[in-house]
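Heads up, the thing below is written out as structure tokens.
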Amino acid sequence: MLLVFVALIHIPNIVAQHGARLFWTIALRDTAFSGGAFALAGSLSKRTPSDGTPWLVTLARFFVGIPAIFFGVESFLHPEIVPAIPLARITPTWIPGHLFWAYASGVVLVVCGACIVVNKKARLAATYLGIMILIVVLFVYLPILVAYASSIANGLNYFTDTLVLSGAALLLADAISPTIG
């Protein structure tokens, strides 16, 4: 379903808006979410270690790794925007070390995303990616959620989106064979 959204809603928006950064971010966010679903399906379809890596897990690696690299680069280009999934929201100045969160998450996103895509220490990279995003959720997005508790768009939506990205990375880490990735 998420890939259908990407194909039928997000890609036409990217074309209509001449490749606007926000539309790319939304399309890649939903692609990463679908990567988590593919990782779960791939991990459930694997019967024995000799079966090899299910193609769904390989697809999930690209669907999580490529958006991670993009989000990391965006963190460096736009450090004022909330980290992990760089949508339109500016990080509030009352968040301690908001530039630290932007650059630290940018480094982890790019390095882990690259390792996932090239399948070098991919399991470890996906684990680190999921944990780093979870830490960002706890230290950046949770205070925003509490501060904007009555606003679904400004509080709950950002918190949930970023938490789902963490889950997708951790599902991918679980799906990658310990002997391969």
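If you check Val73, Val82 for being among the β-branched types (Val, Ile, Thr), modelled with pLDDT of 95 or more and farther than 17 Å from Ile176 by Cβ, only one passes: Val73. Assess whether Ile135 counts as being within 29 Å of Leu59 (Cβ to Cβ), in a helix (DSSP H, G or I) and within 16 Å of the chain's Cα centre (by Cα). Considered against the rule, which asks whether it is within 29 Å of Leu59 (Cβ to Cβ), in a helix (DSSP H, G or I) and within 16 Å of the chain's Cα centre (by Cα), Ile135 comes out as yes. Leu124 - would you say it is part of a helix (DSSP H, G or I), touching a residue at least 40 places away in the same chain (Cβ under 8 Å) and surrounded by fewer than 22 Cβ atoms within 10 Å (Cβ to Cβ)? Yes.
Considering only residues in segment 1-47 that are farther than 24 Å from Val82 by Cβ and of a type in the set (Ser, Thr, Tyr), the one that is nearest to the chain's Cα centre (by Cα) turns out to be Ser43.
The values are calculated or read from the model by the stated rules, or taken from the named source; none is laboratory data. This structure is a prediction, so every number in the text was calculated from the model and none was measured. Here Cβ is always computed from backbone atoms with ideal geometry, including for glycine, and neighbour counts include all displayed protein chains.
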